[in-house]
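Q: The structure's right below; bear with me while I get my questions together.
The values are calculated or read from the model by the stated rules, or taken from the named source; none is laboratory data. These numbers come from a predicted model, not from an experiment. We place every Cβ from the backbone using ideal geometry, glycine too, and count neighbours over all the protein chains shown. Areas reflect the complete protein model, heavy atoms only, side chains present, ligands, DNA and RNA absent. Shrake-Rupley method; radii C 1.70, N 1.55, O 1.52, S 1.80 Å.
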Amino acid sequence: MYPFQITSFEQYKETYQESINHPEKFWAAVAENFQWRKKWDNVLNWNFKEPKVEWFSGAKLNITENCIDRHLATMGDKPAIIWEPNNPDERTRTVTYNRLHKRVCQFAQVLKNNGVKKGDRVCIYMGMIPELAYAILGCARIGAIHSVIFGGFSAQSIADRLFDAQAEYIVTCDGAYRGGKDIPLKSVIDDALIGNRTVKKVIVYTRTRTPVSMLKGRDLWWEDEMEYAETQIEKEGVVSFPAEEMDAEDPLFILYTSGSTGKPKGVVHTCAGYMVWTTYTFVNVFQYKPGDLFFCTADIGWITGHSYIVYGPLSAGGTSVMFEGIPTYPDAGRFWDIIDKYKVNILYTAPTAIRSLMGFGLEPLKGKDLSSLKILGTVGEPINEEAWHWYDENIGKKKCPVVDTWWQTETGGILISNLAGITPSKPSWATLPMPGVQLVIVDENGKEVREKDDTGFLKGNLCIKAPWPAIIRTTYGDHDRCRKNYFETYPNLYFTGDGALKDDIGNYRITGRVDDVLNVSGHRIGTAEVENAINMHAGVVESAVVGYPHDLKGQGIYAFVIDNNRHGDEDLTRKDILQTVTRIIGPIAKPDKIQFVKGLPKTRSGKIMRRILRKIAEGDLNNLGDITTLLDPGVVEEIKKGKL
Ligand code: WTA
């Protein structure tokens, strides 16, 4: 009735209309394309007040049967994952669907042997290796809730997340390779576990052979555990492990992300809706065709890797290229080498990577055959027109549609994007909503904006009127936090935290965050989080952090710091502060600029006027607006003078 894959602009318009007029009928039809143990009783129950959202309730399934088992009969020998190591001279690995099935079953058995049960939280802190996918899918197979933590986070960040999730199990590696560096993951985990009272077992995969300390009774080697599991579950040469039957709304995973408060939130996604959404958007946005090789350059520590390296492509029966390294190692031609080597058809990357590679000019592209590419995608932050055109001209050779995909950890998958080659693109515009996504632009009071501003666009805060299948269900352990963060600002709307423009045709352009969340090289960081970290430093009295435009990173971090001047040496204090931030959050949150100030611009009620600091950080010194309401307007002059 409804095509799973939309193949024309006309069909997109019809499908979109249908999805809004008859959402339940529409999503029931889409859901027919999956494998269920039992089908749903209800397609959708919801209210945004609590909030409560249930998709396909009553249905039973296991997402790994959709990502793996259902493909085995016809595609067992097809590559599910092609893995490219950090070091181009190391052997690559191709994981067929059969092999993936075997490894995931083995790892599920390993988890079971170690006492992991449905609903238990398993924290995964690994590099980008196939075993990370086995660990994720192994958890999903037995119904444990995985919580992947990006390899760049510090021991303290991990400790906070372990505590918040009350995680009892960890899967990690001895170390990880990233460019020229070896990151000692297990040793970071050891630090994170000092004082921890919940974690019972740590499973360690050998990747870098860096020395590690293994605690008797707690720490286990992946290799030993897998070998033993294989002997347990092999019958007549076949390794299999029955998938746990899950409810549609059972949690699938937690992924921590930054918000405007000091503490990261554990975003919870559930089994059925997330599966349907990631698969549907993967197939439609990238116009996936059987046989296509899909290369998403994200790290699985972030939502993009969850949805478009693991779950979406595998559920669609695709082949996902997984890359362990970084775009500039051993040189800035690495992405192009990988595309040439495997004949990649679809490339999905971030504007920050494009801008950084642009900086190396066209030399790294010489001799690289990119003719296999059909479709290009970007995600994570607004893409500037210059980067868009560079990508289109030099990588796509003007023959590949570019999809600019807007979404968030909380949305589970892509919400706004053109469909490659099907709906029109517009440089630096994410363009049109996916079926089922009802957007609205509101003003500060939550009133729908209907008047164009002087640029000819509707402009305001981006909200969504009704749930799509992969909407955030809760923030782990604190449902009210979810309500306050996303559903309270504007009653009966989901608030994205982003500002947007809308043109006459209905295209959307995302202008960036309107809350206190920064987007640094595509990584989400809360200003309050960075301030908390800076304030941990003994020499710091108070700090205020804002973002400013940064050519490569999109946004840079600018910190205004009042210190107690005990050192008398600003450079040393600056270095100490950077150390502290690295220790508390991780290197990704290090401020680019630290300006020491005597005071911060505060209102009489003691609130820091960030608007003023933002203007100063942006270099817009003459447009600070009204500063007469400040407690001490004099501090502004001093801050302006000291601007870095
Ligand atoms: C931003 C990443 C403009 C946005 C998938 C959003 C974008 C935040 C785009 C979510 C895009 C993501 N154009 N901005 N195409 N994609 N963003 O949770 O501000 O890491 O709110 O999810 O990234 O970041 P997150």
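Q: Determine, for the stretch 535-618, the count of lysine pairs separated by eight or more sequence positions (or lying on different chains) whose alpha-carbon distance falls under 17 Å.
A: Numbers: Lys553/Lys590; Lys553/Lys593; Lys575/Lys590; Lys575/Lys593; Lys593/Lys615; Lys598/Lys607; Lys602/Lys615; Lys607/Lys615.
The number of close lysine pairs in the stretch 535-618 is 8.
Q: Here's another thing I want to ask about it. Please get the size of the charge dipole for the stretch 273-360, origin at its Cα centre, with Cβ charges of +1 on Lys and Arg and -1 on Asp and Glu, quoted in debye to the nearest 20. Intermediate results must be reported in sequence, preceding the final value.
A: On the way: 5 positive and 6 negative charges, 34 e Å.
Computed about the Cα centre, the dipole is about 160 debye.
Q: If r is the Cβ-Cβ distance from Lys263 to Glu236 and R0 is 56 Å, what FRET efficiency results, to the nearest 0.05? Let's see the in-between values first.
A: On the way: r = 51 Å, r/R0 = 0.91.
Rounded to the nearest 0.05, the efficiency is 0.65.
Q: Quote the FRET efficiency, to the nearest 0.05, computed for Ile627 versus Glu386 with a Förster distance R0 of 41 Å and r equal to the Cβ-Cβ distance. If you can, show how the numbers build up before the last one.
A: Values: r = 34 Å, r/R0 = 0.84.
Once rounded, the FRET efficiency stands at 0.75.
Q: Given H placed 1.01 Å from N in the peptide plane, which residues other than close sequence neighbours of Val321 have an amide H under 5 Å from its amide H?
A: Those qualifying (amide H under 5 Å, at least 5 residues apart or on another chain) are Ile82, Phe294, Phe295, Cys296.
Q: Hey, another quick one. Counting only protein heavy atoms, what percent of the accessible surface of the stretch 517-641 is carbon or sulfur at a 1.4 Å probe? Could you put the intermediate results ahead of the total?
A: Working: 2920 of 5930 Å².
Roughly 49 percent, rounded to a whole number.
Q: Where only protein heavy atoms count, and the probe is 1.4 Å, what is the accessible area per residue for the stretch 252-292 in Å²?
A: Working: 660 Å² over 41 residues.
The answer is 16 Å² per residue.
Q: Nearest-5 percent of antiparallel DSSP beta bridges in the chain?
A: Working: 62 of 102 bridges.
Beta bridges within the chain, antiparallel portion: roughly 60 percent.
Q: Another question, if that's okay. With a 1.4 Å probe and all protein chains left in place, how much accessible area per residue does the stretch 517-641 have, in Å²? Before the final figure, lay out each step's value.
A: Details: 5930 Å² over 125 residues.
Result: 47 Å² of accessible area for each residue.
Q: Would you mind computing, in nm to one decimal, how far apart the modelled labels at Thr603 and Arg197 are, each placed 7 Å from Cα along Cα→Cβ?
A: 4.1
Q: Here's a follow-up. How long is the gain from Lys49 to Asp224 if the chain were fully straight, where each residue apart is worth 0.36 nm and the alpha carbon distance is subtracted?
A: Values: separation 175, 0.36 × 175 = 63.00 nm, distance 4.92 nm.
58.1 nm is the gain from fully extending Lys49 to Asp224.
Q: Could you look at the stretch 323-364 and say what percent of its accessible area is carbon and sulfur, using a 1.4 Å probe and all protein chains? It would help to have the intermediate numbers written out before the result.
A: Numbers: 840 of 1410 Å².
About 60 percent, which is the carbon plus sulfur part of the accessible surface.
Q: Can you give me the Cα centroid spacing of the stretch 52-82 and the stretch 593-629 in angstrom?
A: 52
Q: I want to check the label-to-label distance for Asp569 and Lys25. Put each point 7 Å from Cα in the C-beta direction and report it in nm to one decimal.
A: According to this spin-label approximation, the distance is 7.5 nm.
Q: Shifting gears a bit: Given the -39500 (n - 2.57) contribution per DSSP H run of 4+ residues, what per-residue ellipticity at 222 nm results for the chain, rounded to the nearest 500 deg cm²/dmol? Don't jump to the answer; show the numbers that get you there.
A: Values: 18 runs with 176 residues, N = 644.
The helix-only estimate for the chain comes to -8000 deg cm²/dmol at 222 nm.
Q: Further, regarding this structure: At 0.36 nm per residue, minus the direct Cα-Cα distance, what do Gln35 and Ser372 gain on full extension? Give it in nm, one decimal, please.
A: Working: separation 337, 0.36 × 337 = 121.32 nm, distance 3.20 nm.
Net length gain for the segment: 118.1 nm.
Q: Can you send over the carbon and sulfur percentage of the accessible area for the stretch 85-158, probe radius 1.4 Å, protein chains only?
A: Values: 770 of 1910 Å².
About 41 percent, which is the carbon plus sulfur part of the accessible surface.
Q: If you count only protein heavy atoms with a 1.4 Å probe, what accessible area per residue comes out for the stretch 98-203, rounded to a whole Å²?
A: Values: 3130 Å² over 106 residues.
The answer is 30 Å² per residue.
Q: Taking a spot 7 Å from the Cα of Glu393 along the direction of its beta carbon, which residues of the stretch 327-370 have an amide N less than 15 Å from it?
A: Within reach of a label on Glu393: 355, 358-363.
Q: At Lys341 and Lys593, where each label point lies 7 Å from the Cα along Cα→Cβ, what is the point-to-point distance in nanometres?
A: 3.9
Q: Just to verify a number: FRET efficiency for Asn492 and Asn113, C-beta to C-beta distance, R0 = 51 Å, to 0.05? Kindly include the intermediate steps, with their values, before the conclusion.
A: Details: r = 47 Å, r/R0 = 0.93.
Here the calculated transfer efficiency is 0.60.
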